[in-house]
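Notes for the one structure printed next.
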Amino acid sequence: MTPEEELAQIIGQSNTLIGYVPLASEPEWEDCPILTPKGHVLTIPQDMTVDPFESAKALKTAISGPTTMIIPGTVFDPYGGRKGRGGGWYDRLLSVLPKEWVRIGVCHQTQLSHQPLAQAGWDHEVDWVVVKEP
């Protein structure tokens with residue numbers, strides 16, 4: 001099985017896909033054919049003034065079963081390393097969400113570092129990185 005087939009199978013088994021509202025520099029994840037959800041879709045809003053712990057609590061209450069999250073970032077490495085938007089919001093959110101939820105980073109080719117990114121103790125990696133074709 002190719003990595004693309006494996007990821008498509010994981011997404012296909014998810015009851016819920018959680019996406020994000022992209023900022024100007026971030027790819028439109030909905031345009032990636034491999035990220036086509038089979039179940040319910042939720043979107044995390046751009047409003048970073050919302051408490052990430054309250055958002056996590058609401059997500060855990062609303063969702064049951066296998067879940068896939070699409071995580072934004074400014075740069076990713078092929079090993080799951082991620083640099084976020086700079087405020088730590090997603091790292092706080094991810095710190096309290098179930099580890100079983102599959103985490104997928106989406107980036108443009110120019111946002112993929114082929115070298116491992118330095119990670120701080122609070123940084124959360126993604127399980128998969130999808131590079132959006134131009």
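The values are calculated or read from the model by the stated rules, or taken from the named source; none is laboratory data. Nothing here was measured: the structure is a model prediction, and the numbers come from that model. Neighbour counts run over all protein chains shown; Cβ positions are idealised from the backbone, glycine included. Remember, those area values only see protein heavy atoms, side chains included, never the ligands or the DNA or RNA. Shrake-Rupley method; radii C 1.70, N 1.55, O 1.52, S 1.80 Å.
Students often get this wrong, so check it: of Lys57/Lys83; Lys60/Lys132; Lys57/Lys99; Lys57/Lys132; Lys60/Lys99, which have C-alpha atoms separated by over 22 Å?
Lys57/Lys83; Lys60/Lys132; Lys57/Lys132
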Query raised in the report: Tell me, what is the 1.4 Å probe accessible area of Val21, in Å² to the nearest 10?
Result: 60 Å²
Requested in this report: Note the full-extension length gain between Val50 and Val21 as 0.36 nm times their separation in residues minus their Cα-Cα distance, in nm to one decimal.
Outcome: 9.0 nm
Query raised in the report: With charges only on Cβ, +1 for K and R and -1 for D and E, what is the dipole size of segment 1-75 about its Cα centre, in debye, rounded to 20?
Result: 340 debye
Query - Within segment 81-97, backbone nitrogen closer than 14 Å to the virtual label 7 Å beyond the Cα of Ala120 toward Cβ - result: 82-93
Report task. Provide Met1, Met48, Met69 ordered by accessible surface of protein heavy atoms (probe 1.4 Å), highest first. Result -> Met1, Met48, Met69
Query - Heavy atoms of Val126: accessible area, 1.4 Å probe, square angstrom to 10 - result: 10 Å²
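Between Val41 and Glu133, what is 0.36 nm times their sequence separation minus the Cα-Cα distance? Round to one decimal in nm. It would help to have the intermediate numbers written out before the result.
Values: separation 92, 0.36 × 92 = 33.12 nm, distance 2.26 nm.
So the extension gain works out to 30.9 nm.
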Report task. Return the calculated 222 nm mean residue ellipticity for the chain, to the nearest 500 deg cm²/dmol, obtained by summing -39500 (n - 2.57) across DSSP H runs with n ≥ 4 and dividing by the residue count. Result -> -6500 deg cm²/dmol
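For the chain, with only Lys/Arg (+1) and Asp/Glu (-1) charged at the beta-carbon, what is the dipole magnitude about the Cα centre, in debye rounded to 20? Don't skip to the answer; put the middle values down first.
Working: 10 positive and 17 negative charges, 69 e Å.
In debye, rounded to 20, the chain gives about 340.
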**Report entry** Exposure ranking of Thr49, Thr36 by accessible area [1.4 Å probe, largest first]
**Finding:** Thr49, Thr36
Report summary line: If the label point sits 7 Å along Cα→Cβ of Gln13, residues of segment 21-54 with amide N under 20 Å come out as 34-41
Query raised in the report: Which value, in Å² and to the nearest 10, is the accessible area of Asp91 when all protein chains are kept and the probe is 1.4 Å?
Result: 20 Å²
